[in-house]
Amino acid sequence: SEEKKNSKIGDYSKFKYIVTLDPIDGTENFYAGLPEWGISISIYKDLNHFESCIYLPGIEAILKTNNKIKRNNSIIKSFSSNVKFARIKKRENEFRFFGCCVYSIYHVINGSLTDYRSERANSWDILAGANLAIENGLSVKIDNKKYYGKFLQPGKKYKIQIKN
């Protein structure tokens with residue numbers, strides 16, 4: 001969990017189950033009373049993805065493993081606020097910053113957004129969404145490599161891109 005930043009576990013392979021939780025992704029949005037915040041949980045068994053869930057209370061949306069959703073067909077891209085404007089290409093003129101990784105990833109999965117990128121995301125911010133994106137047939141890259149659902153260590157920042 002985000003609240004346990006100083007974990008000294010090191011070797012996660014010794015655990016049968018690992019639960020990665022972000023109880024409030026988009027904390028500033030939550031405090032400001034904005035609907036763009038969410039809860040994510042991802043469960044791993046023997047370091048393999050087992051189950052995930054994203055819940056967005058502000059818009060009453062939920063997505064969980066084995067629960068595919070109908071997709072929209074948007075042209076809007078979303079970026080984390082840590083993506084530098086200089087890296088956004090001129091042809092990417094339809095984009096949004098929501099201030100919540102889980103919220104953005106949910107909307108890529110349902111097709112309201114076509115793309116999401118972050119250059120410095122924590123594992124608890126992206127594991128549930130990345131695995132749900134794979135399950136729904138989306139392309140997921142972490143650190144510029146195709147992602148297949150492996151466990152991501154907490155305490156490290158990851159570059160992520162999810163595309164419809």
On the given criteria, is Arg71 under 19 Å from the mean Cα position of the chain (by Cα), under 19 Å from Gly111 (Cβ atoms), open to solvent by 80 Å² or more (accessible area, probe 1.4 Å) and modelled with pLDDT under 70?
-> no
Does Ile18 satisfy the criteria of being open to solvent by 40 Å² or more (accessible area, probe 1.4 Å), aliphatic (A, V, I, L, M) and at pLDDT 90 or above?
-> no
Selection over region 21-51 where residues are surrounded by 11 or more Cβ atoms within 10 Å (Cβ to Cβ), out of contact with any Lys or Arg (no Cβ under 8 Å at 6 or more places or on another chain) and either at pLDDT below 90 or part of a loop (DSSP other than H, G, I, E, B) (or both) yields a count of 6
Just to be sure, is Ser123 crowded, with 20+ Cβ neighbours inside 10 Å and in contact with a Leu (Cβ under 6 Å, 6 or more places away or on another chain)?
-> yes
Pick out the one residue from Lys156, Lys141 that is among the charged types (D, E, K, R), touching a residue at least 12 places away in the same chain (Cβ under 8 Å) and part of a loop (DSSP other than H, G, I, E, B).
-> Lys156
For region 101-115, pairs from a residue that is within 13 Å of Ile59 (Cα to Cα) to a residue that is open to solvent by less than 10 Å² (accessible area, probe 1.4 Å) and in a helix (DSSP H, G or I), with Cβ under 7 Å and 6 or more apart or across chains, are Val102/Gly129; Tyr106/Gly129
Any chance Ile105 is within 18 Å of Asn29 (Cα to Cα), modelled with pLDDT of 70 or more, part of a helix (DSSP H, G or I) and among the aliphatic types (A, V, I, L, M) = yes
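The values are calculated or read from the model by the stated rules, or taken from the named source; none is laboratory data. Because the structure is a prediction, the values reported are computed rather than measured. A quick note on method: Cβ atoms are made from the backbone with ideal geometry, for glycine too, and the neighbour counts reach across all protein chains shown. The accessibility values were calculated without ligands, DNA or RNA, using every heavy atom of the protein model including side chains. Shrake-Rupley method; radii C 1.70, N 1.55, O 1.52, S 1.80 Å.
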